[in-house]
Structures are given as structure tokens and as C-alpha cells.
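The values are calculated or read from the model by the stated rules, or taken from the named source; none is laboratory data. These numbers were taken from a predicted model, which means no experiment stands behind them. Glycine gets a Cβ as well: all are built from the backbone with ideal geometry, and neighbour counts include every protein chain shown. Note: areas computed on protein heavy atoms with side chains; ligands, DNA, RNA excluded. Shrake-Rupley method; radii C 1.70, N 1.55, O 1.52, S 1.80 Å.
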Amino acid sequence: MTAPLGVLGLTHTGAIMAVGWAALGFEVVAVDPDPAPLLQMRGEPDWETALVRVRERVVFDTRVDRLGDCRLVFVTRDVQRTPAGTWDYAAIGGLVNDALGVIQPSVLVLTSAVPPGFTRALSKRHPLQDVYYWAETLIAGRALERFLHPEQFIVGVPEHGRRSQEVAAVFLACLDRLSSCPLVVLPYEAAELAKAAINAALAASITLADTLGDFCSVLGLDWGLVAECLRRDARIGPGAYLRPGLGVAGTHLERDLLMLRDLTRAEGLKGAEWLGSLLDQHERRREWMLQIGRPVG
């Protein structure tokens, strides 16, 4: 590929992706009108080290017109929750509109956490572009490692077929260089939901660990011994999120739980109550931890 890859949005996923693609030998142009989130990447221990190694292959800028030479652009901006408790999806749409003014024709790959139907609506507004959804699932603290060594690629396409030929060759070439792991091609909506569902499942595991970890403390038991039994069960697995902690408040797991709760509640589904209970449990745990850290008197 002679044209550079574009990364639009330098919150966590975008920063990881920019350095990850450069580490694989691609020239990368990474753009965000607000570069402030890059300062938060010091929580990723391998990111700055990798950036030093690939610095000559990645350009960071605040000007969207720097994407003009790119034919494949990954839209990676995180969705922000507003003070009113809603999701600011318009910010992603605005970024895409700005970018398409300078990169037509192009292939756009959206990785942001969005509700089912968002990518299809985006594709309909921009029919001259090939638009895909990539359900990227990074792990905070090990994000670069997971980007470079994924278990699968979950890609959303306009139609309901499942053939890799439905994915643009320029995008497939990038995925092929990244990994030989399985490629799962789904309709837009299924891929969007898969990303949120994976995070919801992780949040449910964390809730279980927090709740039963507290119970073990009351009984004088070691939850770690119990958790190992769960990990050895093939239906759960060695990588299960079973370590008690601070819950999911403020994380991408909470974001996707909130989104799924709101979506299912809007449809009148009883499952919204279960999703809401997970959120309530994490809120109670957050308050409990704050109480522990509060001085007496």
C-alpha cells in the first residue's frame, strides 16, 4: 500500500491503533482536533516504548485535512457521555463529515462503540464510500499487545452475507498483515452488538467476582481458590474476569452496559432490569470503596 493509513480520533483505541499499524510497517497519519487524550496513554506501559521505535512512520496532527492522501481511514474516537446522561454520537458523525471533505473516495472503518444501526445510517449518508464496522476489543493496560495478537476479527458489512470477499481489498490487506486469526463477517448491526455484548459479559463476570469475593471475606474464605475452580471449567475458561476490584464505573464496560440498558429499556424488554442491576451493583461498590477511603471524624 503506497498511501498512508489514516486514524481519526486519538482517544485510547486510536492512539493504540496508530502506533500498532506503524509497528507493522505502515505509514500512518493520526488526527484529532483535540490531542489531549494522548496524555492519558502513559497508563499503557508498552505504548510509549513502541512509539519511540516507530516515530518516523507515524504523524500526529490536529488538522483533518492531513488525511487527504489516505484511502483507508479508521474512525476510532470514543463516544463520550454528556452531563445529561446521553451519548454524544454526533461528535463521531461530525468528525466523519469533516474527513470526507478531504479523503473521497475512501474506505472508512468505524471502531467506536455505537448502537446497532449507527454504521448503516452513516453508510447511507455517504454512499460513495465503502463503510465497515470493526468490533475492536482492546484490554486496558495490555492494549497494544492485544491489538497485535487478536483472537478474531469481527467486521460488519452492509449485507447479511458472511464472505470475506465482501470486505474491501485494502482493508483485508491490513488485517492479513496484522494476524491470521479468524475473520468473522457480520451485518453491521450484529457486529456493533457483538462489541457491546462482549463488554457486558466481562462486566457480569466482574460483578460476580466482586459479590462473591465480598461473601468469601465474610466467611473467612479465599475467593482466589474458588475462582481457580471456575477457570478450570471449560465453559468459563482460564481468561475469565474473576478478580474482585473496583467494579466497572468510568470504564468502557460501564459505557456499553449503559448503552445496552438504555436500548433494551426503550424496547420495553425485561432484560433491561438485569443490565440495570449490574450497574447498580457497581455503583454500590464504588460508594463502598469511597467510604473505606474517607477519613473518620
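Being in contact with a helix residue (DSSP H, G or I) (Cβ under 9 Å, 6 or more places away or on another chain), within 22 Å of Asp78 (Cα to Cα) and open to solvent by 20 Å² or more (accessible area, probe 1.4 Å) is the requirement here; does Leu122 meet it?
For Leu122, the condition - in contact with a helix residue (DSSP H, G or I) (Cβ under 9 Å, 6 or more places away or on another chain), within 22 Å of Asp78 (Cα to Cα) and open to solvent by 20 Å² or more (accessible area, probe 1.4 Å) - is not met.
State which residue is surrounded by the most Cβ atoms within 10 Å (Cβ to Cβ) when the search covers only region 230-257 and only residues that are at pLDDT below 85 and part of a helix (DSSP H, G or I). Checked region 230-257; the qualifying residue surrounded by the most Cβ atoms within 10 Å (Cβ to Cβ) is Leu253.
Select from region 208-229 the residues that are assigned to a helix (DSSP H, G or I) and more than 24 Å from Ser277 (Cβ to Cβ) and write down the one among them that is least open to solvent (accessible area, probe 1.4 Å).
Only one residue fits best here, namely Gly224.
Restricting to region 4-21, count the residues that are open to solvent by less than 10 Å² (accessible area, probe 1.4 Å) and either assigned to a helix (DSSP H, G or I) or within 7 Å of Thr76 (Cβ to Cβ) (or both).
Of region 4-21, the ones open to solvent by less than 10 Å² (accessible area, probe 1.4 Å) are 5-10, 14-21.
Next, from what is left, pick out any that are either assigned to a helix (DSSP H, G or I) or within 7 Å of Thr76 (Cβ to Cβ) (or both): 7-9, 14-21.
Matching residues across region 4-21 total 11.
In region 59-103, which residues are of a type in the set (S, T, N, Q) and within 14 Å of Asp34 (Cα to Cα)? The answer is Thr62, Thr76, Gln80.
The set of residues from region 125-150 being touching a Ser or Thr at 6+ places or on another chain (Cβ under 9 Å) and open to solvent by 40 Å² or more (accessible area, probe 1.4 Å) comprises Leu128, Asp130, Ala140, Arg146, Leu148, His149.
Residues considered: Ala196, Ala204, Ala173. Of these, the only one that is touching a Leu at 6+ places or on another chain (Cβ under 8 Å), surrounded by fewer than 21 Cβ atoms within 10 Å (Cβ to Cβ) and of a type in the set (Gly, Ala, Ser) is Ala204. Restricting Ala201, Ala190 to residues that are at pLDDT below 90 and farther than 22 Å from Gly6 by Cα narrows the list to Ala201. Could you list all residues from region 46-76 that are of a type in the set (Gly, Ala, Ser) and farther than 24 Å from Gly94 by Cα? Result: Ala50, single match.
I want to confirm something. Restricting to region 22-44 and keeping residues that are assigned to a helix (DSSP H, G or I) and more than 26 Å from Val170 (Cα to Cα), which single residue is least open to solvent (accessible area, probe 1.4 Å)?
Quick first cut of region 22-44, residues assigned to a helix (DSSP H, G or I) only: 22-23, 36-43.
If we keep only those that are more than 26 Å from Val170 (Cα to Cα) too, we end up with 36-43.
Numbers: Ala36: 50, Pro37: 25, Leu38: 38, Leu39: 122, Gln40: 145, Met41: 5, Arg42: 171, Gly43: 56 Å².
The residue in question is Met41.
For region 17-33, the set of residues classified as modelled with pLDDT of 95 or more and either acidic (Asp, Glu) or in contact with a His (Cβ under 8 Å, 6 or more places away or on another chain) (or both) consists of Glu27 only. With a requirement of 3 or more residues that are more than 22 Å from the chain's Cα centre (by Cα) and among the hydrophobic types (A, V, I, L, M, F, W, C), the helices (runs of 4 or more DSSP H) lying completely within region 45-140 that satisfy it span 90-103. All told, Cys181 falls short of being touching a helix residue (DSSP H, G or I) at 6+ places or on another chain (Cβ under 6 Å) and surrounded by fewer than 19 Cβ atoms within 10 Å (Cβ to Cβ).
Would you say Thr62 is of a type outside the set (Gly, Ala, Ser), exposed (fewer than 12 other Cβ atoms within 10 Å of the Cβ) and touching a residue at least 12 places away in the same chain (Cβ under 8 Å)?
Working: of a type outside the set (Gly, Ala, Ser): yes; exposed (fewer than 12 other Cβ atoms within 10 Å of the Cβ): yes; touching a residue at least 12 places away in the same chain (Cβ under 8 Å): yes.
Taking the combined requirement at face value, the residue satisfies it.
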